[in-house]
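Everything on this sheet refers to the single structure shown next.
The values are calculated or read from the model by the stated rules, or taken from the named source; none is laboratory data. From a predicted model like this one, the values you see are computed outputs, not experimental measurements. For neighbour counting, all protein chains shown are included, and Cβ atoms are generated from backbone atoms with ideal geometry for every residue, glycine included. Quick note on the areas: whole protein, heavy atoms, side chains included, nothing else; ligands and nucleic acids left out. Shrake-Rupley method; radii C 1.70, N 1.55, O 1.52, S 1.80 Å.
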Amino acid sequence: MKNKKLWIGVGAVVIIVIIAMLMFGGKKEEKVTFETATVTKQKIQNTITATGTIEPVTSVTVGTQVSGIVSKLYVDYNSVVKKGQVIAELDKTNLTSELSTARANLSSAQSALNYQQDNYQRYKTLYDKGLVSADDFESARLSYLQAKEQVASSRESVKKAQTNLGYATITSPIDGIVLSKAVEEGQTVAASFNTPELFTIAQDLTDMRVIADIDEADIGGVKEGQHVTFTVDAFPDDSFEGQVTQVRQQATTESNVVTYEVVISARNDDLKLKPGLTANVTIYTLEKNDVLAVPVRALHFMPNEALLREGQTIQDCDAEHKVWTLEGDVFKAHAVKVGTTNGVLTEITGGISEGTKVLTEFSINSGMPDMSQGEQGGNPFMPRPRGNNRQNGNQQKK
């Protein structure tokens, strides 16, 4: 029993020794790694993405104001038309008959007017001589005036019948190209309550626009004149350019999502853009080229006194915005003036020259396996190891 307890004690000691060796035996000297970035001229931009629909800037729906049967169609899809060109005709039989009837009624009214005018003149002569009563004279005068009004009414009926007959010949209101055709020859169109749509004609397919739906959270940053790029699935390798030309005030709510329409110009000289295509839009709400800039991390860097090597010192300055450089064994602060920022880069308008290397972050490598800490954002007082593959900046080991 005593031997058993002895062996248990020995085993416990061995285990403790092994754990101590694992924890402390392989410990290496801590190394502080500093990451730098160079003050260079860069592009600072913010973007908003959305989807929209491509459509012609000017398109006209052509209809008819009279009912009838479509007797002739002179254009089809993609037909190029000129303003005033005949593009369709309705059957004119009934309309021609109505015009003939109106003209006959006008002729009859004119004959009645001639008779009533002569009759009125006779009664006037007799009335002036006192041979007829005033009542008979006024009756003749009234008949004459009524005949004049009937002629005027009949004349307007003739004009209306002529106009309706003219509506049976349908012409293009603009120069353009036929996008859609809604009727065929022999089809009856009825214009009793609304105007039937026959064709849609686009004026110029080289001048297109994109109607983009912008979320309410982003619409505040969209202004007229901003640069836009967009792509379409039909040509995924092509990027098209545009410009914001209008921000519409009317909101659209669908499934509790509020959006606003933004109109974007789009040149289409090679006619690749088709009406109805879906555009994937990128609006540049901030765009500055060739400005001195540093990563935002550089403005949040602060040397940690607890990690200084022997002989290293800190030379600070009293400024709202500053960046740090490592000059020999001196961490030196530089007061800078800042401009715009997009959350990744910040514009530097003064205080430091182009080409200067500024400190952005540091990390500690203790040499212990699987003991690293995760990234701590940009807080310089929270030491954090960095990965082996860094894409931005240079590393300087101390």
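On the given criteria, is residue 204 open to solvent by 40 Å² or more (accessible area, probe 1.4 Å), of a type in the set (Asp, Glu) and either over 13 Å from the mean Cα position of the chain (by Cα) or under 30 Å from residue 80 (Cα atoms) (or both)? Steps first, answer last, please.
Working: open to solvent by 40 Å² or more (accessible area, probe 1.4 Å): yes; of a type in the set (Asp, Glu): yes; either over 13 Å from the mean Cα position of the chain (by Cα) or under 30 Å from residue 80 (Cα atoms) (or both): yes.
Answer is yes for this residue.
Whether any residue in segment 278-285 is within 30 Å of residue 323 (Cβ to Cβ) and in contact with a Lys or Arg (Cβ under 9 Å, 6 or more places away or on another chain) is what I want to check. Step through it out loud before you land on a result.
Keep residues of segment 278-285 that are within 30 Å of residue 323 (Cβ to Cβ), which gives 284-285.
Next, from what is left, pick out any that are in contact with a Lys or Arg (Cβ under 9 Å, 6 or more places away or on another chain): 285.
The answer is yes; a qualifying residue exists.
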If residue 113 meets every condition in (1) within 60 Å of the chain's Cα centre (by Cα); (2) over 30 Å from residue 202 (Cα atoms) apart from one, which number is that one?
(1)
Is it the case that segment 126-135 has a residue that's at pLDDT below 95 and open to solvent by less than 40 Å² (accessible area, probe 1.4 Å)?
yes
Can you spot a residue in segment 262-279 that is surrounded by 13 or more Cβ atoms within 10 Å (Cβ to Cβ) and over 30 Å from residue 202 (Cβ atoms)?
no
